[in-house]
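Working notes, structure below.
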Amino acid sequence: DTEVTQTPKHLVMGMTNKKSLKCEQHMGHRAMYWYKQKAKKPPELMFVYSYEKLSINESVPSRFSPECPNSSLLNLHLHALQPEDSALYLCASSQVITRTGETQYFGPGTRLLVL
Amino acid sequence: AQTVTQSQPEMSVQEAETVTLSCTYDTSESDYYLFWYKQPPSRQMILVIRQEAYKQQNATENRFSVNFQKAAKSFSLKISDSQLGDAAMYFCAYRSARRYGGSQGNLIFGKGTKLSVKP
């Protein structure tokens, strides 16, 4: 089973709203990732968690707040977003990132529209 | 810094024919991994094939195979017997095999090639 699930599939929010994106995997992976993808562009890495601890933050604005409550779940809390934050948000997971060459498995994404 | 280049923004192939998508990369490292991901209109990123740089043998996965030329830093994807379901954006990606630290373990993506399959 190489399934990563994400909810919701679509999200529309105003700039003053607070919302959360959720990601779940049951492959025993201990590394999880958030990517942002704009239309017709490759994914851009936002955050990496390893063993439920944040290991990379690619200079992402503080209006994005990640959380990894356990080894299977990854959340992305959104607050006071801007219209330019509208994008597809992809979650991925892999085996522990201290090993080499782990394949990342992606979820279907959440399409976010900020009005 | 490593870079990945996909020089073909769009490609088209007739159903049942063969098509090759090109990818070149730049790195000073000798040990790394290369991937092809497929992203159909549903937007889910699906792994197509993976290649370890230390392996000379080209990876294959059913109708998908790669031509890995390490010296030339080239990693092309060949799709045989193309099917309508192969229509998608294809991304080539690089990942360092260094022990993880900072951004060295990140996936570095090319800009993608949009493949259309004609019936």
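Bear in mind these aren't lab numbers, they're just calculated from the coordinates by the rules spelled out. Every value quoted in this text rests on a predicted model; they were computed, and no experiment measured them. Every residue, glycine among them, receives a Cβ derived from its backbone with ideal geometry; neighbour counts consider all protein chains shown.
For B:LYS73, work out the one condition from (1) touching a Phe, Trp or Tyr at 6+ places or on another chain (Cβ under 8 Å); (2) within 14 Å of another protein chain (Cβ to nearest Cβ); (3) at positive phi; (4) not aliphatic (A, V, I, L, M) it doesn't fulfil.
Condition not satisfied by B:LYS73: (2).
Say whether the condition of being of a type in the set (A, V, I, L, M, F, W, C) and touching a residue at least 24 places away in the same chain (Cβ under 8 Å) is met by at least one residue in segment A:93-104.
At the first step, the residues of segment A:93-104 found to be of a type in the set (A, V, I, L, M, F, W, C) are A:96-97.
Applying the additional criterion that residues be touching a residue at least 24 places away in the same chain (Cβ under 8 Å) yields A:96-97.
Taking every residue of segment A:93-104 in turn, at least one turns out to be of a type in the set (A, V, I, L, M, F, W, C) and touching a residue at least 24 places away in the same chain (Cβ under 8 Å).
Between A:LEU81, A:LEU88, A:LEU112, A:LEU76, which is farther than 15 Å from A:HIS26 by Cα and either within 8 Å of another protein chain (Cβ to nearest Cβ) or surrounded by fewer than 15 Cβ atoms within 10 Å (Cβ to Cβ) (or both)?
Working: A:LEU81 fails: either within 8 Å of another protein chain (Cβ to nearest Cβ) or surrounded by fewer than 15 Cβ atoms within 10 Å (Cβ to Cβ) (or both); A:LEU112 fails: either within 8 Å of another protein chain (Cβ to nearest Cβ) or surrounded by fewer than 15 Cβ atoms within 10 Å (Cβ to Cβ) (or both); A:LEU76 fails: either within 8 Å of another protein chain (Cβ to nearest Cβ) or surrounded by fewer than 15 Cβ atoms within 10 Å (Cβ to Cβ) (or both).
Exactly one of A:LEU81, A:LEU88, A:LEU112, A:LEU76 is farther than 15 Å from A:HIS26 by Cα and either within 8 Å of another protein chain (Cβ to nearest Cβ) or surrounded by fewer than 15 Cβ atoms within 10 Å (Cβ to Cβ) (or both), namely A:LEU88.
Report, by residue number, each residue of segment B:24-68 that is within 14 Å of chain A (Cβ to nearest Cβ) and among the acidic types (Asp, Glu).
Scanning segment B:24-68 gives B:GLU29, B:ASP31, B:GLU52, B:GLU61.
Among the residues that make up segment B:2-17, is at least one of them surrounded by fewer than 17 Cβ atoms within 10 Å (Cβ to Cβ), at positive phi and of a type outside the set (Lys, Arg)?
Yes: one or more hits.
Looking for something acidic (Asp, Glu), facing another protein chain (nearest Cβ under 8 Å), more than 16 Å from the chain's Cα centre (by Cα) and part of a loop (DSSP other than H, G, I, E, B) - is there at least one such residue anywhere in segment B:76-90? Before the answer, list the steps.
Taking segment B:76-90 first, the residues acidic (Asp, Glu) are B:81, B:86.
The next check asks that each one be facing another protein chain (nearest Cβ under 8 Å); those that pass are none.
Among the residues of segment B:76-90, not one is acidic (Asp, Glu), facing another protein chain (nearest Cβ under 8 Å), more than 16 Å from the chain's Cα centre (by Cα) and part of a loop (DSSP other than H, G, I, E, B), which makes the answer no.
Which number in (1) more than 15 Å from the chain's Cα centre (by Cα); (2) exposed (fewer than 13 other Cβ atoms within 10 Å of the Cβ); (3) away from chain B (no Cβ under 13 Å) marks the one condition that A:MET15 misses?
(2)
Given segment B:15-73, what strands (runs of 3 or more DSSP E) lie entirely inside it while holding 3 or more residues that are in contact (Cβ under 8 Å) with a residue 60 or more places away in the chain?
Because the criterion is at least 3 residues that are in contact (Cβ under 8 Å) with a residue 60 or more places away in the chain, the strands (runs of 3 or more DSSP E) in segment B:15-73 that meet it are B:32-39.
Only residues that are of a type in the set (A, V, I, L, M) and either in contact with a Gly (Cβ under 8 Å, 6 or more places away or on another chain) or assigned to a loop (DSSP other than H, G, I, E, B) (or both): list them for segment A:49-77, please.
Pass one, segment A:49-77, residues of a type in the set (A, V, I, L, M): A:54, A:56, A:60, A:73-74, A:76.
Passing the criteria: A:ILE56, A:VAL60.
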